[in-house]
Amino acid sequence: MSRKVERLLERAGIWETRPKQAALKGDYDRVGRLRTKALQLSIGARRIEEKIKNSRNK
């Protein structure tokens, strides 16, 4: 796994813990925004992994 992918997944993990904290406080609008950000980061990491995998297969 590339360093960039690891960094994105680490950030996604951090962003995934924030919605839980916001939910405990009852801020459900913020929960949705934070989860969306976490998903965006993990999707970005997945795309980079696929690009690396495809370039190796050529």
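The values are calculated or read from the model by the stated rules, or taken from the named source; none is laboratory data. Predicted, not measured: the structure shown is a model, and the values here were computed from it. Positions of Cβ are generated from backbone atoms using ideal geometry, with glycine treated the same way; all protein chains shown enter the neighbour counts. Side chains included, ligands, DNA and RNA excluded: accessible areas come from the protein's heavy atoms. Shrake-Rupley method; radii C 1.70, N 1.55, O 1.52, S 1.80 Å.
The angle separating the long axis of helix 3-25 from the principal Cα axis of greatest extent in the chain is about 10 degrees.
With the gyration tensor restricted to C-alpha atoms of the chain, the semi-axes of the equivalent ellipsoid amount to 30, 10, 5 Å, longest first. Per residue, the accessible area of the chain comes to 84 Å², computed with a 1.4 Å probe over protein heavy atoms only.
Leaving out ligands, DNA and RNA, what percent of the accessible area of the chain is carbon and sulfur, probe 1.4 Å? Answer for the chain is 49 percent, counting heavy atoms of protein chains only.
Under the rule of -39500 (n - 2.57) per DSSP H run of 4 or more residues, summed and divided by the residues of the chain, what mean residue ellipticity at 222 nm is obtained, to the nearest 500 deg cm²/dmol?
Numbers: 2 runs with 53 residues, N = 58.
Roughly -32500 deg cm²/dmol at 222 nm, from the helical runs in the chain.
Spin-label model, LYS25 to ARG46: label points 7 Å out along the Cα-to-beta-carbon direction sit 2.9 nm apart.
Taking the Cβ of LYS4 as the centre, find all other residues whose Cβ is under 15 Å away and add up their charges (Lys, Arg: +1; Asp, Glu: -1). If you can, show how the numbers build up before the last one.
Values: positive: ARG3, ARG7, ARG11, ARG46, ARG47, LYS51, LYS53; negative: GLU6, GLU10, GLU49, GLU50.
Combined, the nearby Lys, Arg, Asp and Glu give +3.
Helix 28-57 axis versus longest C-alpha principal axis of the chain: approximately 10°, rounded to the nearest ten.
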